[in-house]
Amino acid sequence: MEKLKRVAVLGGGSWATAIAKILLNNVPTINWYMRRQEQIDEFIRSSKNPSYLTATKFDVSRITFTSDINEVVKMSDILILAIPSPFLKMHLKKLRRKIHKKIVISAIKGMVPDENMVISDYLHIKYDMPLENIGILAGPCHAEEVAFERLSYLTIGCLNRELARELSEYIEAPFVKTAVSDDIYGLEYSSVMKNIYAIAAGICHGLKYGDNFQAVLLSNASQEMAHFCSAVSPIYRDVNESAYLGDLLVTGYSKFSRNRQFGNMIGKGYSVKTAQLEMEMIAEGYYGTDCIHKLNEKFKVNMPICDAVYNILYLHESPTLEIHKLAEKLA
């Protein structure tokens, strides 16, 4: 690793906490932005995040906490965004400092609602960030398994592959293997879409469809995802790689998947609003469903699974009837 850059985590949730744990394997100190000062105060007192991954202890002497986003930007060279996508605009609106000369890594597996943009495009267009300075963190990696130090795999996407390799050294650990890619758009869109498919898998589980159907559902989802990514960003990519297919599978099947949990509640008869209220964390696939649906009005890719989830979540169609109709279309 070349001269260490000052690195910051932005966000106070489980994924931000897992990323901080990984980083502290490789750098002596990190900066960490959290919105709520009371969360920071309790973190410093107890040496752990009071709200997420509470079994994970930190040496807080190696962390500079701040609730001021401008302060963390000032102190850091690399900014890792781990803020849930629905709240990203709210946080970035507080910026008074320029970020276009920073390196920004998006660890957000979602799109910016209302803008219908993936994070890289939003940073590029709204904040004059060169695309070559934007990294994407993707792959099958649940925060809970990082906390348990179970072997995980992450991919760093960046148009500048040399920078991607440099950034990968910050997130390698005995329990994290890394790969690099220059397919930033494929990684971002597949990260959004796998959450939608996990909601579909959860709905089907709630409706008591079995493993046989789930296998067909997710194999079709993989093809659907590949077709959409090709329409949006027509370059060669192998969607069977772990950053695409692996992330789809773990999000569709894992007990840690909040999107699957959300879908499962919908399948069991919860309303969307009730399911959201009972979820302790954000199911980003809910917002991603609307973004992808609106974006596909331009590309017109045949996506029956995404359409079914949209119809259930936003048009309030019957999950039973929508999944029955979907089952007739799958092969």
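Read-outs throughout are calculated quantities, based only on the coordinates presented, and are distinct from any laboratory measurement. Bear in mind that the values here come from a model prediction, so they are computed numbers and not experimental data. Using ideal geometry, Cβ is built from the backbone for each residue, glycine included, and neighbour counts are taken over all protein chains shown.
Brief remarks on what is shown
- Mean-position separation - Cα centroids, segment 55-100 and segment 146-183, in angstrom: 20
- For segment 104-223, the number of Lys pairs separated by eight or more positions or lying on different chains, with C-alpha atoms closer than 25 Å, is 5.
- For segment 14-31, 3J(HN,Hα) computed residue by residue from phi via the Karplus equation (6.51, -1.76, 1.60; θ = phi - 60°) reads 5, 6, 4, 5, 5, 5, 4, 4, 5, 4, 6, 6, 10, 10, x, 9, 9, 9 Hz, glycine and proline entered as x.
- Segment 213-331 - Kirkwood radius from inverse mean 1/r over Cα pairs (Å): 15.1
- Fraction of C-alpha pairs exceeding 27 angstrom in segment 7-182: 20 percent, rounded to a whole number.
- For G135, the amide hydrogen comes within under 5 Å of the amide hydrogens of V104, I105, S106, counting only partners 5 or more places away or on other chains and with H modelled in the peptide plane.
- Degrees between helix 211-232 axis and first principal axis of the chain (Cα, 0 to 90, nearest 10): 70
- Taking every C-alpha pair closer than 8 Å and separated by at least 6 residues, the mean separation divided by the residue count of segment 191-329 gives a relative contact order of 37 percent.
- Approximate shape of segment 119-204 as ellipsoid semi-axes (Cα gyration tensor, √5λ), whole Å, largest first: 23, 20, 10
- Listed values for segment 83-89 are Karplus-derived 3J(HN,Hα) couplings in whole Hz (6.51 cos²θ - 1.76 cosθ + 1.60, θ = phi - 60°), namely 9, x, 4, x, 9, 4, 4, and x replaces Gly and Pro.
- Calculated from backbone phi, Karplus (6.51, -1.76, 1.60) coupling profile of segment 147-159 in Hz, x at Gly/Pro: 4, 7, 6, 7, 4, 9, 10, 10, 10, 9, x, 7, 4
- The angle between the Cα long axis of helix 319-329 and the main principal axis of the chain comes to about 80°, on a 0 to 90 degree scale.
- Cut-off under 5 Å, modelled amide H: who pairs with T155 long-range: A138, G139, A179
- The angle separating the long axis of helix 258-267 from the principal Cα axis of greatest extent in the chain is about 30 degrees.
- Cα centroid of segment 23-49 to Cα centroid of segment 224-301, whole Å: 30
- Stretch in the chain that is longest and holds no GluC sites (Glu not before Pro) that DSSP places in a loop and that have at most 12 other beta carbons within 10 Å: 3-279
- Extended-chain gain in nm, criterion 0.36 nm per residue less alpha-carbon gap, N302 and A327: 7.5 nm
- Over the chain, all Cα pairs binned in 10 Å intervals from 0 give whole-percent P(r) values of 6, 27, 35, 23, 8, 1, listed from short to long.
- Estimated 222 nm signal from helices in the chain, with DSSP H stretches of n ≥ 4 weighted -39500 (n - 2.57), rounded to 500: -15000 deg cm²/dmol
- Look at the alpha carbon pairs under 8 Å that are at least 6 residues apart: their mean separation over the length of the chain gives a relative contact order of 15 percent.
- Simple spin-label estimate for Y314 and M75 in nanometres, 7 Å along Cα-Cβ: 3.9
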